[in-house]
Amino acid sequence: MLQTSYYKALNGIKATKRWVIPYLNSRIHPHQFRPVLCYLYTEWRCNIDCHYCFQYNNNLPGMDIETAKSAIDWLKSIGCRVIPIMGGEPLMRKDFILEVIRYGAENGFFMYLPTNGYLMDKAFIDEVGKAGVAAINLAVDCVAPRKGLPKALLNIEPQFRYLVERQKKYGYLTFFNINICRNNIKDVKLLTEIAHQNKIGTDYHLNEPPHSFVDISHYKHHDDMLSITPDQYDEVSELLDWLIDKQRHGWPMVNSIEHLKVFKERMKGRIKPWDCRAGHNGALIKPDGSLSPCFDLITYDHDWGRIWEPKFNEVELQAVKKKCMPYCSSTCFHTMAYYYKFRSVPQWVRKHIRVG
């Protein structure tokens, strides 16, 4: 009981130092680029092929350690304290990722690692725990593999069990990252129940096709993206109502209830304008050190600057958001928009404390 209380208190302190204080600074300087979080896209390559994913490219090199450390130094200088590492699959270079996480943690960052889990082993889990990782986002879409969905829990069950077992020893959060597709709707519910049984959180995405103005020439599954069709609307709506009910009963989820409600409209091609903070309070750093407002625009052809020299022009940001927001329900930025309001900040801190 003492270990659990300490673990929850530690996550509450982390949430305050690394989320709340940068948030307050961003409110004090509303017209400056003040990221509350910034993605570090370290790896284009991936070891698996999910049919909905157009944001990896096995022909391109990843980030070097000098760029990664310089990016962390720059983010520290402008008040950011949360770095989600992204790919591709970040663990394609495990030693590199350990060095990045260690450097970020030593500089006071909430280092957040997403992975499909295939390349994890017990030794790496212990090493990344010692390095100071704050959260591990385990991407799973189904219990057993399905067509186009290799991220299956059964394929990584030993890694998952050890990850959950060691989280209180090292103080990190673990949660499932689940993409709702047309062929895994029942699995989403099962994975949510498994997460609850193991006292970890969940994070949901609605499978969305790429924007028409983004370069996806390297993408090879244009005809099999597994997006939701009208045949699944009723089943997905029922699932979303179930998720909302579970969250109201205390099941920890990254998404706000409002965001889950938005999914119902998004899958039908309808979405109301929302307060996207990309380019204002969040961004993405590409492997070469150049910038993008968000993950979905990583291959959008525009010069947004680079680390130490951002060029997030308000007029240009509004122009691209006018094109992409009617089709986007980004979990990261929609969640940020919801929790960016003063009244929602205590709820965000409570989520960090409650998990585990």
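The values are calculated or read from the model by the stated rules, or taken from the named source; none is laboratory data. The structure presented is a predicted model; accordingly, all values stated were derived computationally and were not measured. Because the Cβ atoms are built from the backbone with ideal geometry, glycine has one as well, and the counts that use them run over all protein chains shown.
If you scan the range 109-137, which residues turn out to be more than 14 Å from the chain's Cα centre (by Cα) and either in a helix (DSSP H, G or I) or within 18 Å of Y39 (Cβ to Cβ) (or both)?
F109, K122, A123, F124, I125, D126, E127, V128, G129, K130, A131, V133
Go through the range 62-103 and give me each residue that's of a type in the set (S, T, N, Q) and either in contact with a Leu (Cβ under 9 Å, 6 or more places away or on another chain) or without any contact (Cβ under 8 Å) to a residue 12 or more places away in the chain (or both).
S77
Looking only at the range 8-32, count how many residues are within 18 Å of K76 (Cβ to Cβ) and more than 23 Å from the chain's Cα centre (by Cα).
Counting residues in the range 8-32 that are within 18 Å of K76 (Cβ to Cβ) and more than 23 Å from the chain's Cα centre (by Cα) gives 3.
Could you check, for the range 154-165, whether at least one of its residues is surrounded by fewer than 21 Cβ atoms within 10 Å (Cβ to Cβ) and either in a loop (DSSP other than H, G, I, E, B) or modelled with pLDDT under 95 (or both)?
So far as the range 154-165 goes, no, none of its residues is surrounded by fewer than 21 Cβ atoms within 10 Å (Cβ to Cβ) and either in a loop (DSSP other than H, G, I, E, B) or modelled with pLDDT under 95 (or both).
Of the residues A319, A278, A337, only one is in contact (Cβ under 8 Å) with a residue 40 or more places away in the chain, aliphatic (A, V, I, L, M) and farther than 27 Å from I65 by Cβ; which?
Details: A319 fails: in contact (Cβ under 8 Å) with a residue 40 or more places away in the chain; A278 fails: farther than 27 Å from I65 by Cβ.
After applying the criteria, what remains is A337.
Kindly indicate the residue of the range 138-148 that is assigned to a strand (DSSP E or B) and at pLDDT 95 or above and also farthest from the chain's Cα centre (by Cα) among those meeting that condition.
C142
Determine, yes or no, whether L40 is within 18 Å of A278 (Cα to Cα), touching a residue at least 60 places away in the same chain (Cβ under 8 Å) and hydrophobic (A, V, I, L, M, F, W, C).
yes
So which residues in the range 308-337 are within 15 Å of S26 (Cβ to Cβ) and either of a type in the set (F, W, Y) or not in a helix (DSSP H, G or I) (or both)?
Listed by number, the residues that qualify are P310, F312, F333.
Any residue that is under 21 Å from W44 (Cβ atoms), charged (D, E, K, R) and in a loop (DSSP other than H, G, I, E, B) - is there at least one of those in the range 86-107?
Yes - at least one qualifying residue is present in the range 86-107.
Considering every residue within the range 237-245, establish whether at least one is touching a residue at least 12 places away in the same chain (Cβ under 8 Å), assigned to a loop (DSSP other than H, G, I, E, B), hydrophobic (A, V, I, L, M, F, W, C) and surrounded by 13 or more Cβ atoms within 10 Å (Cβ to Cβ). Working first, answer last.
Quick first cut of the range 237-245, residues touching a residue at least 12 places away in the same chain (Cβ under 8 Å) only: 237, 239-240, 242-244.
Restricting the remaining residues to those that are assigned to a loop (DSSP other than H, G, I, E, B) gives none.
So far as the range 237-245 goes, no, none of its residues is touching a residue at least 12 places away in the same chain (Cβ under 8 Å), assigned to a loop (DSSP other than H, G, I, E, B), hydrophobic (A, V, I, L, M, F, W, C) and surrounded by 13 or more Cβ atoms within 10 Å (Cβ to Cβ).
What is the number of the single condition among (1) more than 17 Å from the chain's Cα centre (by Cα); (2) closer than 16 Å to V214 by Cα that F295 does not meet?
Single failed check for F295: (1).
Can D301 be described as over 16 Å from C328 (Cβ atoms) and in a loop (DSSP other than H, G, I, E, B)?
yes
Could you please let me know if P22 is modelled with pLDDT under 85, at negative phi and surrounded by 14 or more Cβ atoms within 10 Å (Cβ to Cβ)?
Yes; evaluated as a whole, the condition is true for this residue.
What are the residues in the range 112-137 that are in contact with a strand residue (DSSP E or B) (Cβ under 6 Å, 6 or more places away or on another chain) and of a type outside the set (S, T, N, Q), if any? Talk me through it step by step, then tell me what you get.
Applying the first criterion (in contact with a strand residue (DSSP E or B) (Cβ under 6 Å, 6 or more places away or on another chain)) to the range 112-137 yields 112-114, 116-117, 133-137.
Listed by number, the residues that qualify are Y112, L113, P114, G117, V133, A134, A135, I136.
Answer yes or no: is there a residue in the range 45-53 that is crowded, with 19+ Cβ neighbours inside 10 Å, in contact with a Phe, Trp or Tyr (Cβ under 8 Å, 6 or more places away or on another chain) and not in a loop (DSSP other than H, G, I, E, B).
no
For the range 261-286, which positions are under 30 Å from I307 (Cα atoms) and crowded, with 20+ Cβ neighbours inside 10 Å?
Taking the range 261-286 and keeping what is under 30 Å from I307 (Cα atoms), we get 273-286.
C276, R277, A278, G279, H280, N281, G282, A283, L284, I285, K286, listed by residue number.
Does the range 188-206 include one or more residues that are surrounded by 18 or more Cβ atoms within 10 Å (Cβ to Cβ), in a helix (DSSP H, G or I) and not aliphatic (A, V, I, L, M)?
Yes: the range 188-206 contains one or more residues that are surrounded by 18 or more Cβ atoms within 10 Å (Cβ to Cβ), in a helix (DSSP H, G or I) and not aliphatic (A, V, I, L, M).
Kindly establish whether E258 is exposed (fewer than 13 other Cβ atoms within 10 Å of the Cβ), of a type in the set (D, E, K, R) and more than 30 Å from E165 (Cα to Cα).
The answer is no for E258.
So for the range 136-146 (the condition being among the aliphatic types (A, V, I, L, M), over 30 Å from P326 (Cβ atoms), touching a residue at least 24 places away in the same chain (Cβ under 8 Å) and crowded, with 20+ Cβ neighbours inside 10 Å), does at least one residue qualify?
Checked the range 136-146: at least one residue is among the aliphatic types (A, V, I, L, M), over 30 Å from P326 (Cβ atoms), touching a residue at least 24 places away in the same chain (Cβ under 8 Å) and crowded, with 20+ Cβ neighbours inside 10 Å.
In the range 227-262, how many are under 19 Å from the mean Cα position of the chain (by Cα) and under 17 Å from K186 (Cβ atoms)?
Residues that pass the stated criteria total 1.
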